[in-house]
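Working notes, beginning with the structure itself.
Since every read-out is calculated from the coordinates, none of them should be taken as a lab result. Keep in mind the model is a prediction, meaning the values are calculated, not measured. All Cβ positions, glycine included, derive from the backbone under ideal geometry; neighbour counts span all protein chains shown.
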Amino acid sequence: MGSSGSDRISDYPGSSSPGGSRGPGGTGSSGSNESPQDRCSRAFDANLEDVEQSEYYQSHGKVQPVGTRLVIVQLKRLVARTAEGIGAGNLPTSFNYLASCMKDGWTYIGEVRRATSGPPIARISADFAPTPSK
């Protein structure tokens, strides 16, 4: 059996289609009646911050290629890291609510969708999908 999705974040339940309603962090509804559980279960896309200061960029002088798998971890900030544990960049602070979700057992795995090494600025855009605790 195959999948009928487009391999984009809009394939995941709870995400908005490109150009749709955007809430904190970029994707989804910003309705005030949204429960914390709904926020945790929402797929999202993010433009990573501080890419030039990331471990990977400092070591390689470039950003990770499109298709690189990322996972969100909490350090001083929420950081997107490769499967090997190498930092790619920080999530914007508008995603800080994910720290509570992660404490409740949610994990967020994603993939680099767009990447430019600059100049003037290195950029990474990635899509992430949630996985609840078992």
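Listing for the model above:
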quantity: Sequence-distant residues sharing a close amide H with G89 (under 5 Å, placed H); calculated: A80
quantity: Nearest-0.05 FRET efficiency for R114 and Q53, computed from C-beta distance (R0 22 Å); calculated: 0.70
quantity: Around V73: net Lys/Arg minus Asp/Glu count, Cβ-Cβ under 14 Å; calculated: +3
quantity: Whole-Hz couplings from phi, Karplus 6.51/-1.76/1.60, listed for region 69-81; x for Gly and Pro; calculated: 6, 10, 9, 8, 10, 9, 10, 5, 10, 7, 10, 8, 10
quantity: Radius of gyration, Dmax [region 47-134; alpha carbons; angstrom]; calculated: 12.5, 43
